[in-house]
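The structure under discussion appears below in the form of structure tokens.
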């Protein structure tokens, strides 16, 4: 098991009202699995991902990454945790514009304990020929693939993806999903993808649906489809 | 239909929504705005101070000169019969004359062991003098032969009251005198004793004595030895001077001169000129820095406001209104700066004016900062700020609404030779980020560095003065003038008198020296100087060459200070004409046999034997330099005060003490002021630039935090860039500081003194230390924002 949550709750106080972004969520995510978290805007999926990734603190409840209790860790420990175990992919790539594709990846490989070579990571996402290009010289799909290369280069145990195809057209979106699938299969990285694009659930091992901060359903896909077959 | 802007349409309501936005923007930016406003305020304050003091000194001087009828032309001679006066009045342009008897005498003051010097001036018995009228500050004018009136500063420094008595050695006769009054005179706003470098009110004073008593004491019945003249409006001063010279020649005239060479006035003029140049050199630097800061902050605001600008335009606001909106924001910053600067400037000008009033002897001070000075500095401050903001405001105005509402294109980076170099150097990625960002915005980086360099330069150019003065003191007192005292004789004495001097108690060593007023001519140029003659190998009073070693004037030639040679346009080997104003007024040709580095006065030196030979006479001296055994000082003063042939004794230690005291007082204040200014500039530049970095890079820095970089590592990027720019700024600041110091050293140079360009490494180090420390503190203030950064929120928003 990679992640386990127990009565995980996150309350945002906005003015006088309290919003339960997560309401006693109990969830288990497994080794090597590609899970898709589905839900409408405000269902709590991003909050869940941020807490799993050590970017946010829970209001109550517990989260474990393997034996590590994230909810018991202070800021410094969470930084260490992100550095050593987690890869992030965001909707808006978040590349450093002043660093080339290779250098953006090296940003991670320089500090990670057991990284792959920056060139190899970019090769994996099909960008072996654009190593020295800067973000401004790359298309949106290419930038997202650099972001993926940066996330996988440290050989993380988990890859957390927040709307990875949200800013992309269907063709480049498919390319990005192919890369995620390949990473999952060849390196065995556990991947959690959150999206509101229901089509993407077809490629997951398991699909978790969230609504109003609660788990609505957890389904196991008996037959998974390849990304290029996904109806966008 | 003619399109009408929304502003005109809704003129009914008092406050426009866009104005509210303006106020809110200003509120949001207040700390950054304040940092800029303070830099601007420095410029305004300095401008006001310099201009305020300039007008105060200039107005006061003018009023004082007019009310007390300060003479315009002066002439001194050995002894001129009063019967010559009608011929003087016949010179076209001469309006009135004031003949006087004057002389220097040694004073024996109660409660003071050291001898003091007095310049005695005759005071007409029946009526007020026509020119150079003293202002009586207390008591009455002297009438009896033993009554005198002294300068207020001299009386105050020595604690004299009306009715107090002291002794003077008047032309060989010891005489008791009683103080009947104290006065000030436009002639002695700046009083400096013979051979002194700085005013010493305790050891030197002006003493007015009834005319009859003066004539008797100095053997001048029916004659005078100094004349002051006033001229009519149409007079040509140069012609009058020429006519006076030929008229006074037979009477041992020492050359007529105008106010420009009157000691007190020329010091005052030099000071006023310095204030004037300070008003025009220093404030523009501050205005330029604040313009740059405003420009930097405004472009960032316009970038952040992009979507809002698009929206405003879509709503129908015109380009001009958008442009004005941002210019107004800059104007608000300028107004805060002007307000702070005006208050500070007024206070500072007043405080400094009092400081000056103490240094210069003015009976009153006309202090007012004229309204036009306020208006001018406010205008200059507003103009520069607006200029700084103009580019950003125009960019805002030119943004097309459709484009403005889309996010801006990401900054473009490109592979360059430097990148390959960085790749080869195996730098950390965060280091590369810092370097690329500097290279990507070279102008901004350069300007930031330049701003910080200006701060370093400000400290260097202020400490330069103290370093330079330390050098002057060292050269003057330790290298050139090493005697404990100079003994002045009433007239030239044979060298054999040295033996008598050596016999006095406490005199360990004595060396002769001669001083002659002379005019040096080379081609069309001429210069009036004091020609010094001393023996070869003189140890107590030496001429120091550029290499710091003592040089003797080579026999058969004349040694000139570099500045004097430059002014004459003559070089080593050239033959110049020397006209002596003393003795028989002989004219001789002399070869320039060497040049010497000199900071004070325009020096010209010859070997004493060579001079006596030229003048066809036995060896003489007009001054003896002596070394004194401190333990017998009192005994020495006692016997000197009884010696009739002496006209004065100058104690070099006191001279030095007075000089150092004055310098130190000023230097400490000036250094502190400039250090504060440097800190303010640095905070203004470093804080604003770090804030902008922070704002531009929030996303990038948040990415790093998410990737697992620690706060320390992430702030390293921010601090690294700011500090790298600050470090790069240091050598530029050193150069700039050296350049400003050189400019100051040039502009302060006059016939009276040169301020040498001394650049002490310790001053450079101190300047850099102050500026780097301030930069670090400024960036650390911004760094706290990294700690408070909301990672999730930053990443969620699209840039």
Per-peptide average of other Cβ atoms within 10 Å, ordering B:387-400, B:344-357 highest first:
B:387-400, B:344-357
Ordering of A:94-100, B:499-505 by burial proxy (mean other Cβ atoms within 10 Å per residue, highest first)
A:94-100, B:499-505
Report the normalised scattering of region B:339-449 as log10 I(q)/I(0) at q = 0.09, 0.12, 0.18, 0.23 Å⁻¹, calculated by the Debye formula with identical scatterers on the alpha carbons.
-0.59, -0.76, -1.05, -1.24
How many percent of DSSP beta bridges within the protein assembly as shown run antiparallel, rounded to 5?
70 percent
Among beta bridges assigned by DSSP with both residues in chain B, the antiparallel ones amount in percent, to the nearest 5, to 80 percent
How tilted is helix B:17-28 with respect to the longest principal axis of chain B? Cα atoms for both, answer in degrees (0 to 90, nearest 10).
60 degrees
Within 10 Å of each residue's Cβ, count the other Cβ atoms and sort B:551, B:333 from fewest upward.
B:551, B:333
Cα gyration tensor, region A:103-172 - rounded (a/c under 1.5), prolate or oblate
oblate
How big is the convex hull of the Cα atoms of chain B, per residue, in Å³?
230 Å³
Semi-axis lengths, Å, chain A, gyration tensor of Cα atoms, sqrt of 5 times eigenvalues:
28, 21, 17
Two-decimal Rg to Rh for region A:96-144 - Kirkwood Rh, Cα set:
0.95
Rg/Rg_ref, region B:201-281, where Rg_ref = 2.2 N^0.38 Å and atoms are Cα
1.49
Averaging sequence separations of C-alpha pairs under 8 Å and six or more residues apart, then dividing by the length of chain B, give the relative contact order as a whole percent.
18 percent
Scattering from the C-alpha atoms of region B:518-558 alone, worked out with Debye: what is log10 I(q)/I(0) at q = 0.15, 0.31 1/Å?
-0.49, -1.07
Report, to one decimal in Å, the Kirkwood hydrodynamic radius for region B:500-617 based on all distinct Cα pairs.
14.7 Å
Computed label-point distance, nm, for sites residue B:236 and residue A:59 using a 7 Å Cα→Cβ extension:
9.9 nm
Rounded to the nearest 500, the 222 nm mean residue ellipticity computed for the protein assembly as shown from DSSP H runs (n ≥ 4, each -39500 (n - 2.57)) alone is -15500 deg cm²/dmol
Percentage of interatomic Cα-Cα distances in region A:137-179 larger than 13 Å:
52 percent
For peptide B:432-444, what's the mean number of Cβ atoms from other chains within 10 Å of each residue's Cβ?
2
Averaged over every viewing direction, what's the projected area of the C-alpha convex hull for region B:16-159? Give it in nm², one decimal, please.
18.8 nm²
What's the exposure ranking of B:286, B:610, going from fewest to most Cβ atoms within 10 Å?
B:610, B:286
Which three numbers, in whole Å and largest first, are the semi-axes of the equivalent ellipsoid of region B:45-108 derived from its Cα gyration tensor as √(5λ)?
35, 20, 9
I need the P(r) histogram for region B:115-209: all alpha carbon pairs, bin width 5 Å from 0 out to the longest distance, whole percents.
3, 14, 27, 26, 19, 10, 1, 0
Region B:49-132, relative contact order [Cα under 8 Å, separation at least 6], %
28 percent
Return one number: the angle in degrees, 0 to 90 and rounded to the nearest 10, between the long axis of the Cα atoms of helix B:711-747 and the longest principal axis of the Cα atoms of chain B.
30 degrees
With a ≥ b ≥ c taken as the square roots of the eigenvalues of the C-alpha gyration tensor of region B:661-778, please select rounded if a/c is under 1.5 and otherwise prolate if a/b is larger than b/c or oblate if it is not?
prolate
Averaged over A:154-163, number of beta-carbon atoms from partner chains that fall within 10 Å:
1
Kindly list the residues of region B:710-739 that lie in the label zone of residue B:781, defined by a backbone N under 17 Å from the point 7 Å along the Cα-to-C-beta vector.
B:719, B:722-723, B:726
Give me the Debye-computed log₁₀ of I(q)/I(0) at q = 0.10 Å⁻¹ for the protein assembly as shown, equal point scatterers on Cα only, no solvent, two decimals.
-1.17
Sorting B:637, A:20, A:228 on the 10 Å Cβ count, fewest up front, what's the list?
A:228, A:20, B:637
Span per principal axis, largest first, for the Cα atoms of region B:259-322 (Å)
72, 20, 8
I'd like the distance between the alpha-carbon centres of region A:1-60 and region B:18-61, rounded to an integer number of Å.
53 Å
Expressed as a whole number, the average count of other chain Cβ atoms within 10 Å around the Cβ atoms of A:49-58 is 2
When the Cα atoms of region B:165-311 are enclosed in a convex hull and the volume is divided per residue, what value in Å³ results?
257 Å³
Relative to the compact-globule scaling 2.2 N^0.38 Å, provide the ratio for the alpha-carbon radius of gyration of region B:265-408.
1.47
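Only the coordinates and a few stated rules stand behind these numbers; no lab work does. Just so you know, these numbers come straight off a predicted model, no measurement behind them. Glycine gets a Cβ as well: all are built from the backbone with ideal geometry, and neighbour counts include every protein chain shown.
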